[in-house]
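Below is one structure, written out as structure tokens; the observations come after it.
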Amino acid sequence: MLNPVIISVGIAALAVFYYFQNKDISMSYKIEKILLLSFEDYKQNGWPYDVYGPISHSHRNMPRSGQPLGWIIVDTIDTLMLTYNYTQNDATKKKLLKNIEFIENWIENELDYNMDSEVNVFETTIRMLGGLLSGYYLSTQVEVGNPAVYFLKAVDLADRLALSFSNSPSGIPYSSVNLKTGEAIKNHVDNGASSTAEFTTLQLEFKYLASISGNKTYWTLAEQVYEPLYKVNDILNQYDGLVPIYTLPDTAQFWGQNIRFGSRGDSFYEYLLKQYLLTHEQTYYQLYRSAIDGMKKHLVKRSYPSGLTYIAEKPYGLNGLTSSKMDHLVCFMGGLLAMGATEGYTIKEARSMDFWDSDREDDWILAMQLTHTCYQMYHQLPAGLSPEIVVFNYPESERNQYEQISDTERISWWTSPTEDFFVKPLDGHNLQRPETVESIMFMYHLSNDTTYREWGEEILGNFEKNTAVKRNGRVEAYTSLNDCMHVPTSKRDNMESFWLAETLKYLYLLFQDNVNLHEIVFNTEAHPFPVLDKAKMDRLNLTTEWSLN
Ligand code: DMJ
């Protein structure tokens, strides 16, 4: 006879299981609706322009030629494909299919990169080349889309972007290129210096393209930036693996000493690890390791009074004063550290693997702490959404180590309820950025800890409540905010392409169950590429072509 206690425990467990399963399905459905609403509003009122204001329906293109680059369109295609693959709702699937076909037709027949305009090489690579390449990859996987459309357009664009490397004596590309004439153009300000994160965030895209096209030149070009950069500046000895945010492309020398994981520094670190994850080249794990060790030594700090962990800045070099400012952009680091520690396996699996060591254990703990801090940057704000930049509080006894915050200045800053951080009046805006939900998505799948889904649900709810554009009481779109410190929120008339490419994609993936993080690598704009096949790399002779010795 069955024991009645066992039967009731079994029923209770089943009820809990169904509750959570249904909850995740309803979260998925909610995100699908937000995605379709955001995209279809753009399609109706902003198509095919690069910049779109969902409040006024204003729109414009970025290049001076006036032609569209496909900024929002190409950035969005793979989010639609992924959602098409996962959705369990037939009506949603049909709508997604219609939109995917509409976009694909436009890319094939209208999008023309032969435009007499100067574009930023980094932004165009991560968003447009990245979007086309993941469109190619997913259309070979999910039974929707024609891979040839994406592949041919990707090759055409990459060949134009590759000309940015042509004038530079050091091998580091200039920051812009004219897509028609091929003229490589230096940054017009900052003494012509390129952002260090920009020319070190092309490698995933160019290496993946080399592997699918069989053309090794893409690989060689993208990789050639590292040897001069590391050797000319002696990064491992002089900078403990860290890098200032500007580099002069002609000489490969750093320009200035400002070191940070926020804007212009961020994805330098991201692509060291992600190259290793994509290609398994050991050199890049070693460079990543030295950067993370340098970060722990010089930049990881705790706030006062609660001890929130954050990554500080060194605006005057490693021996100068510390700035306790942190950009929201830095919030990708929780997910990156977690992926670096586990290589995409769950923490339980990773801890029993040969590669596991005390550095990785320490990286994992830091990943949890940083993700918690970034969640607090949402949770403590009146709008429940993070501002662009926060400044962390430090104890009076450590004042001499930090750039000083004067008491008179501080009076005009917003103070968080726990007093751990402040927001300056001009830094309170929210641009629908992805970095925190990106880390939350990685942490959930690598730990299976449902707390991360709860945080994601809270953040999504706040986007819904506080960024919705309403007309006659009906939600028509979602937009950026002028500030997160006051509710009702003051809206800013711009929808960023990464709202569709990244923020909604990462939120959606947070609530899916089959996300295999050791078979794909997301580029810095959340476009997924498959881990490269070793045998194919050997066949095409795709290997690391430099060393530090
Ligand atoms: C995106 O374009 C990319 O994630 C980039 O690496 C950093 N900034 C934005 C999103 O915030």
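A 1.4 Å probe run over the chain, with the rest of the protein chains in place, finds 39 Å² accessible per residue. Working ranking of peptides 64-77, 178-191 by packing, defined as the average number of other Cβ atoms within 10 Å per residue, highest first, is 64-77, 178-191.
Mind listing which GluC sites (Glu not before Pro) in region 519-549 are in a DSSP loop and have 11 or fewer other Cβ atoms within 10 Å?
Values: sites: E519, E525, E545; in loops: E519, E525, E545.
When the GluC sites (Glu not before Pro) of region 519-549 are filtered for loop state and at most 11 Cβ neighbours within 10 Å, E519 remain.
Annotation for T220 and S306: the two label points, set 7 Å from Cα along the Cα-Cβ direction, are 5.4 nm apart.
Evaluating kT/(6 pi eta Rh) at 10 °C and 1.306 mPa s, with the Kirkwood radius of the chain over Cα pairs in the Stokes-Einstein relation, gives 66 µm² s⁻¹.
Only lysines eight or more places from K186 in sequence, or on another chain, were considered; none has a Cα closer than 17 Å. Spin-label model, S490/L426: points 7 Å from Cα along the beta carbon direction are separated by 1.5 nm. Restricting region 67-113 to trypsin sites (Lys or Arg not before Pro) that sit in a DSSP loop and have at most 12 other Cβ atoms within 10 Å of their own Cβ leaves nothing. Stretching the chain fully between D90 and F355 yields a gain of 91.1 nm (0.36 nm per residue, less the alpha carbon separation). May I ask you to list the lysines whose Cα is less than 20 Å away from that of K491, ignoring any residue fewer than eight positions away on the same chain? Partners within reach: K424, K465, K470. Unpaired Cys in the chain, meaning no second Cys C-beta under 4.7 Å: C484. Taking packing as the residue-averaged number of other Cβ atoms within 10 angstrom, the listed peptides 207-217, 504-514 run from highest to lowest as 504-514, 207-217. Using the Karplus relation 6.51 cos²θ - 1.76 cosθ + 1.60 with θ = phi - 60°, the per-residue 3J(HN,Hα) values for region 349-365 come to 5, 4, 5, 9, 8, 4, 6, 5, 8, 5, 4, 5, 4, 5, 4, 5, 5 Hz, with x marking Gly and Pro. The protection proxy used here, the mean number of other Cβ atoms lying within 10 Å of each residue, ranks peptides 37-44, 243-250, 409-416 as follows, highest first: 243-250, 37-44, 409-416. Calculation over all alpha carbon pairs of region 168-300 in 5 angstrom steps from 0 returns a P(r) of 2, 11, 19, 25, 21, 13, 7, 2, 1, 0 percent.
The values are calculated or read from the model by the stated rules, or taken from the named source; none is laboratory data. All values derive from a computational prediction rather than experimental measurement. Cβ: placed from backbone, ideal geometry, glycine included. Neighbour counts: every protein chain shown. Ligands, DNA and RNA are excluded from the accessible area calculation, which covers all protein heavy atoms including side chains. Shrake-Rupley method; radii C 1.70, N 1.55, O 1.52, S 1.80 Å.
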